[in-house]
Amino acid sequence: MTQSAETLNFQAEVKQLLHLMIHSLYSNREIFLRELISNASDACDKLRFEAIDRPELFEGDSELKIRAAFDAEAKTVTITDNGIGMSREEAITNLGTIAKSGTREFFGSLTGDKQKDAHLIGQFGVGFYSSFIVADKVTVVTRRAGLPATDAVRWECTMSGNTAGAYTVEAAERAARGTEITLHLREDQEDLLSSWQLKSLIRKYSDHIVQPILMKKEKWDEEKKAQVLTDEEETVNQANALWARPRNEISDDEYKAFYKHVGHDYDEPLAWTHAKVEGRQEYTQLLYIPSHAPFDLWDRHARHGIKLYVRRVFIMDDAEKLMPLYLRFVRGVVDSADLPLNISREILQESKDIDAIRQGCTKKVLGLLEGLADSEEAADKEKYAAFWKEFGRALKEGVGEDFANKEKIASLLRFATTHADTADETVSLKDYIGRMKEGQEKIYYVTAESFNAARNSPHLEIFRKKGIEVLLLSDRVDEWVTGNLTEFDGKPLVSVARGGLDLGKLEDEAEKKETEQAADEYKPLLEKVKASLGERVKEVRVTLRLTESPACLVADEHDLGMNLGRILKAAGQDAPDSKPILEINPHHPAVQRLKTEEKQFDDWAAVLFDQALLAEGGTLDDPASFVKRINQLMLAVSGA
């Protein structure tokens, strides 16, 4: 009790979030109770887990429970749990800061539209802060299990008056472990001061909570002509594990409500799968696909994952080993009948049982996605399109990470192509193969740093002329995909910007002869250009892949692709130093001019190379010299 009261200010982000929450989420104010009870349930789960190795933390009371109460005169609603509780430092960290990556991106994406912002806030996670939707003052008294009664802490924040945006932390005394949160309601929230109302909200949003949620019973008082509270308590929720119930006994609304608890999400899930697996391992899985990506999806080091239970006893809430990294957006529960209760993260990493569960969960999620993708139902197709928009880039990582399921993942991929010539990624590899030209034996693709760069790549010119569809790849992860996915359904994937162009049966004999004749005719010019460019190119040759551009750059068959090289360098990694091949279009006027040029040949050759480099998406090593050459050549042409 030696620590005095301390006044602290919220992070700027917390102040902004509180303001947005009060105004944007007000129409869904009921979620405050769901969030507080969900947090209380997590606190109970965490105590049960820590007490496996330290049973003394139960302090003689192993019956975990949550209580909800109200005081009509004081205008307060109180949620109490006997879970793990918090120390002073934990209270400051958990209640005074937002410990999430993606905070800046979150606030940058807010629009000012209350309805749209409500969904964004939901994606970010509202948790404890939702209290301020209905309360202008919140008091938290908490003691961590295992600490003496005198080491409790009192945390209080008022959202009105001169102290708005600040909170106080002081020492307190609390005999019972756990946390008590008291909401001092705003003037227009009196309807919550009702036993019937609170019980209705608990049954609506928190019926699936494993711990019993207790409230005092009411009885009719004849003298007061009103319902009055008694000292007898009753359990308001079902208090059993939803995932342990048969699927045909669970409604869609119950599944959705449980997702909001387990996923700490504001929106409903996109889809889910629920199954009991029996055999060498026995476990139950209830897995959800969220409808929106979390803000820390691209932080591969953030702990994501599944809640792990063993025989309905909570073990950990971020068992990342139960799901591969490329499926890190999946939320849900796995309840094993075989694992030991004292399993640790270290054991998780090496357990064959965990590997089997992981494989089973992975196949179940991929099967769920496959069902949506291949469904004839318009609603399912829309769901898959929504899934791909949110999580497609993460799923692409699986092509290189999950060899066993590579073919299945490849069938789930969606691409933009020259068929529609839009940035919408809607084409599957199966769709592409179904539209292949007669005699076409390969799946062609082009990679670039942006969609427009891919769509306007000079490498596509002959493909557009012949009506051959090409995949337009502009995500950084696409280089990873094409590096690991060499074929699909027996058709090799081939870059249009690599090696000598081989259209196979799509190239007629006349074109082949024309290329050979042009190579002989332009041999002196090719040698002269190579000598002029020197070490900048590996080779100079004639090509018929161009119909409009004078030249293009390609990578040799076994060299690193130019786009991948740029990506590696941008990431600070060493990329093998490989020189490009310059291919020229013998029918282009610029090349025809070069053939007869003597005086400024080196300038023309350098400009031809630099233009090809820019068109390919590269950057000039010496932009000033390029501009100077262009100006000189323009003046020379105008003078002529």
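Remarks
- Search result, residues across the range 236-262 that are open to solvent by less than 20 Å² (accessible area, probe 1.4 Å) and of a type in the set (Ser, Thr, Tyr): 255, 259
- Pick from the range 224-265, criterion of a type in the set (A, V, I, L, M, F, W, C) and part of a loop (DSSP other than H, G, I, E, B), ranking: nearest to residue 296 (Cα to Cα): 241
- Test: residue in the range 214-227 that is within 30 Å of residue 143 (Cα to Cα), out of contact with any Ser or Thr (no Cβ under 8 Å at 6 or more places or on another chain) and open to solvent by 20 Å² or more (accessible area, probe 1.4 Å): no
- Residue identified as open to solvent by 60 Å² or more (accessible area, probe 1.4 Å), under 22 Å from residue 488 (Cα atoms) and either out of contact with any Phe, Trp or Tyr (no Cβ under 7 Å at 6 or more places or on another chain) or assigned to a helix (DSSP H, G or I) (or both) among 408, 389: 408
- Tallying residues that are open to solvent by less than 40 Å² (accessible area, probe 1.4 Å), in contact with a helix residue (DSSP H, G or I) (Cβ under 8 Å, 6 or more places away or on another chain) and under 24 Å from residue 279 (Cα atoms) within the range 352-386 yields 6.
- Here residue 396 clears all of (1) more than 30 Å from residue 316 (Cβ to Cβ); (2) charged (D, E, K, R); (3) open to solvent by less than 10 Å² (accessible area, probe 1.4 Å) except the condition numbered (1).
- The residue that is surrounded by the fewest Cβ atoms within 10 Å (Cβ to Cβ), among those in the range 528-546 that are aliphatic (A, V, I, L, M) and in contact (Cβ under 8 Å) with a residue 60 or more places away in the chain, is 533.
- Extreme residue, nearest to residue 328 (Cα to Cα), among residues of the range 349-383 that are in a helix (DSSP H, G or I) and among the acidic types (Asp, Glu): 355
- Considering the range 474-522, and only residues there that are of a type in the set (Lys, Arg) and closer than 24 Å to residue 438 by Cβ, the residue that is surrounded by the most Cβ atoms within 10 Å (Cβ to Cβ) turns out to be 491.
- Among (1) open to solvent by 20 Å² or more (accessible area, probe 1.4 Å); (2) charged (D, E, K, R); (3) closer than 14 Å to residue 34 by Cα, the one test that residue 265 misses: (1)
- Being buried (at least 20 other Cβ atoms within 10 Å of the Cβ), in contact with a Lys or Arg (Cβ under 7 Å, 6 or more places away or on another chain) and at pLDDT 90 or above holds for only one residue in 525, 460, 471, and it is 525.
- The criterion of at least 1 residues that are over 23 Å from residue 414 (Cα atoms) is met, among helices (runs of 4 or more DSSP H) falling completely within the range 424-523, by 461-466, 509-521.
- Contacts under 6 angstrom Cβ, first residue in the range 497-521 being of a type in the set (Gly, Ala, Ser), partner open to solvent by 60 Å² or more (accessible area, probe 1.4 Å), 6 or more apart: 499/557; 504/441
- Residues that are out of contact with any Asp or Glu (no Cβ under 7 Å at 6 or more places or on another chain) and at pLDDT below 75 within the range 297-312 comprise 299, 300, 301, listed in sequence order.
- Among the strands (runs of 3 or more DSSP E) confined to the range 281-330, there are none with at least 2 residues that are open to solvent by 10 Å² or more (accessible area, probe 1.4 Å) and without any contact (Cβ under 8 Å) to a residue 40 or more places away in the chain.
- Residue match in the range 363-380 (condition: free of Cβ contacts under 8 Å to residues at least 12 places away in the same chain, more than 22 Å from residue 325 (Cβ to Cβ) and of a type in the set (S, T, N, Q)): yes
The values are calculated or read from the model by the stated rules, or taken from the named source; none is laboratory data. What you are looking at is a predicted structure, and each value in this text was computed from that prediction instead of being measured. FYI the Cβ positions are ideal-geometry reconstructions off the backbone, even for glycines, and counts take in every protein chain you see. For the accessible areas, the whole protein counts, side chains as well, though only heavy atoms, and no ligand, DNA or RNA atoms are used. Shrake-Rupley method; radii C 1.70, N 1.55, O 1.52, S 1.80 Å.
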